[in-house]
1. Spin-label point model (7 Å from Cα, Cβ direction): what's the residue 408 to residue 262 distance in nm?
2. Can you pull the semi-axes for region 464-568, root of five times each eigenvalue of the Cα gyration tensor, sorted largest first, whole Å?
3. What ranking of 89, 130 emerges when the number of other C-beta atoms within 10 Å of each C-beta is taken as an exposure proxy, fewest first?
4. Could you compute how fast region 247-419 diffuses translationally, taking Rh as the Kirkwood radius over C-alpha pairs and applying Stokes-Einstein at 20 °C with viscosity 1.002 mPa s? Give it in µm² per second.
5. Report the label-to-label distance for residue 193 and residue 652 in nanometres (one decimal), using points 7 Å from each Cα along the Cα→Cβ vector.
6. Give the dimensionless ratio obtained when the Cα radius of gyration of region 524-592 is divided by 2.2 N^0.38 Å.
7. Using 10 Å bins from zero, what percent of all Cα-Cα pairs in region 112-217 falls into each bin?
8. For the chain, what is the relative contact order in percent, using Cα pairs closer than 8 Å and at least 6 residues apart in sequence?
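No value in this document is a laboratory result; all are computed from the given coordinates. Remember, it's a predicted structure, so these values are computed and weren't measured experimentally. All Cβ positions, even for glycine, are placed from backbone atoms using ideal geometry, and neighbour counts span all protein chains on display.
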């Protein structure tokens, strides 16, 4: 049974422990012994604020990474090696808490793992060598992955001395709280989650011994107390000991935060708070499927990418203070999520430190033990990898970059994750459509105006606003929306706005204005939108361009009954337009080809439109007209007309129509 707080495989591969906290030694010798004692002192001094580190004997390293399989140590030497380490640790001054020495087997080879927690009594100095005779003492610290001497008068020693009086809050003992406050069930669940061999059932677990091995308690037998990190992770209600240890979430209906939709509070041990927050946010956003019902393609994206969301929430819980009584606050707006924790970042971090590609300085974190436990449970990233992951996942999702903000007094730290632009658009469209269907048309228009004001170049919003304004008779204002959109520097889906404006003009019998708009419309990227443009061109009387546009739709046109019917009508109108009393042979052939193509299209429409009574009736009627222009037998023409009459007997045009001469 392993006594390590983490799995050996995770440790060796630096999965849950930062590589700078691991020191590999391939063999054992007097020089290595001396280096190990110096490194033990350096980890105890914990200059980087990472809560000590691990030394692994029997594994060679290259570039900071383990070379596997391990070289191993002779098993017969392990006991002697441990005694030698323990004896020489007594030479470190002032004395440190004995490091945890754990013999392990990896790939059939014996290795020795030494776990050195951060010391409460730093700074410590160690002998330069542990041989016989007097040895000079020096202070040693870890700088990145290396153990270095902190010489007298140098900046490293000055920094160490400044840190020495301060014990991080999460490592402090709570002498006013008994060990019995720690829940055996929560402790056992955590150890099972991290894969530690210390895991046992809650009924049989020795909480005192387990906390001692995890360095989550302090004091001597009879006077031991839990450290703050243990209370944050392994009590049902940490807020009993740390006022404000909770997450408050508020969801707002509008951008200004004046219309509160819902509030929620998440309590419990930190892992539970994190999971509950993530579960709730996940239930709100899901995966957005942006699909055109007439097309077999769709775009998928998340309102907020899960990786960025998790990292931002984890960082808020990891780096906040648990002394000041303020909760972590999440504010969810239609276009963004703001995550605010208190206070601001520790000294040494500036706003420039949080820019994309910036290298975070190696300043000690506020809560090193909280971070260590979160990483062991795979709830947090290893050192300095969370920030790049937020940027990358936002970029991969197609979302704008996050922002990081705090005031000069460092009273707060706010991470803003902008929602995916597609989500913002869909949210605004759906909300305004709901108002519209409920009969509150002013609210629908007002909502779209506000959304478009925040994102003036968003084509879907401008198009929907134009449609709503035109349907309420506000054509002049619709034109103003169109003009403002044309003047936007960054325009998204501009073709939608042109199509909406052209349709508004045509619906209001302003064909000349519609023609001007259609003359400048950008080519739509999708087949269904090309078909919409072709239909508007047909309505404006530009039959030749409409015909070309329909042809550019390609294969998808054959599956769209409405568009295919309109295409057939264009062919029918062009054929009538080309009719002459004495056509030349090639003119007659071209006209006949158009009519035959129209016939094929109409027959396809009839097959596609089963159940669409009105569509079927007009398709049969247009087929009767086409057959008449082709000069087909009267019985064939009359058959098609009668089918139209049967479907829509009240349509006078079907009764009054008489075939034209071919």
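1. 4.1 nm
2. So the equivalent ellipsoid measures 24, 15, 12 Å along its semi-axes.
3. 130, 89
4. D, rounded to a whole number, is 126 µm²/s.
5. It is 7.6 nm.
6. Output field value: 1.19.
7. In whole percents, the pair-distance histogram is 11, 30, 27, 21, 10, 0.
8. The value is 8 percent.
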